[in-house]
1. List the helices (runs of 4 or more DSSP H) inside region 165-243, counting only whole elements, that have at least 2 residues being away from the ligand (no atom under 16 Å from the Cβ) and under 21 Å from Gly76 (Cα atoms).
2. Scan region 134-156 for residues that are at pLDDT 80 or above, within 16 Å of the ligand (Cβ to nearest atom) and either assigned to a loop (DSSP other than H, G, I, E, B) or within 10 Å of Cys178 (Cβ to Cβ) (or both) and jot them down.
3. Which one of Lys205, Lys169, Lys158 is crowded, with 18+ Cβ neighbours inside 10 Å and either closer than 18 Å to Tyr70 by Cα or touching a strand residue (DSSP E or B) at 6+ places or on another chain (Cβ under 8 Å) (or both)?
Amino acid sequence: MNKIKFQDEKEILAWAKVNVNRQPEVINRIQKMAVKRISVRNHMLTLIQQFDTKNLKKFINTHRHWSENYVKVIKGEHKRIPIFNENTNKVLKSIFEYAYLSLLNNDNFWELYGAEGNSISKSETRTLVGAHTRICPYCDKSEITNSNESNIDHFLPKSKLPLLSIFWKNFVIACVTCNSKLVKGEACLLPVLHPYYDEINKKIKFIFDSRTKKICVKATKGQDQRRAENFIQILKLRERYKEIWPRSEEIIFTKTINNLFHDYILNPRLNYKKNYNWNMIFDQSIQQRKNELLTLAGEDTQIKLKTDYYDHVQINDRKMWTNELNTLMRKRIDLLKLIDTKEF
Ligand SMILES: [Zn+2]
């Protein structure tokens, strides 16, 4: 059926009258819509009744402030925008929740109210934003899809800031776990890092303890340290990463060392007069693996964890490994010298 645009209710009713015999299912749709329209009207009436002119002005101003300064508030570059008292918030919440849960998913609503090119439904938002990444931007641990299994999270919770429940900049496509009550819930700490407006990878760091095989998540020192700390707390990253040791990457690292042994030490053309710079060779191999991992960012899970693991290895284990490689090489050279001597 072709979508028909109406200017107002009168036009809808006139159209329905003409089409009642031809398209009964359309009339059914309109009746359902009429019920919804009454609900919208009632909600709007509640809003107007709750606010006198002064408060209504405040409401409009606050809404405008949020939409103009959202990113600045998150970054802590803008003074906190006043929020309403609990009662007002309650009313706002019911209105905006209604808008979020019902209207944004309703095709008829968009058919009637959607300004072309400007309005976007919940499922369209999910598809559009979710298309750019396959991995949850909060935790980097879970894959997300465009289906309902992944959620649209309200970055700043709609329970505390109902005005933002239908504000698209506040939507983040995240995994079900991050969006659950147990993890993010209604936590609201400002200022905070935002996965779409900040490079979170550069602001938090995984610290590894090789002895206990435990991981600690830290906010990187610098001007965004407090925002990073709030992000870690909201997403409960410390608890969630504590026990996740990058075992698969540890195996790949062992293979890398093995390859070095084969390429340099077992090389039949080993030149034992040459002095190898093991630190450089070691760093180059690690950098190569890190680059490989970085090409998978957004496509594979735990990329940040794995690249940070190599930073840990470079700082803590390089000396041990380069010494080991050096010792093995000297043994090999001694052996080669011995063979040389015997041949003569
Ligand atoms: Zn997640």
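The values are calculated or read from the model by the stated rules, or taken from the named source; none is laboratory data. Just so you know, these numbers come straight off a predicted model, no measurement behind them. Neighbour counts are summed over all protein chains in view; Cβ atoms, including those assigned to glycine, are modelled from backbone coordinates with ideal geometry.
1. Here the list reads 200-203, 225-234.
2. Once the filter is applied, which keeps residues that are at pLDDT 80 or above, within 16 Å of the ligand (Cβ to nearest atom) and either assigned to a loop (DSSP other than H, G, I, E, B) or within 10 Å of Cys178 (Cβ to Cβ) (or both), region 134-156 yields Arg134, Cys136, Pro137, Tyr138, Cys139, Asp140, Lys141, Ser142, Ile144, Asp153, Phe155.
3. One residue alone meets the criteria, Lys158.
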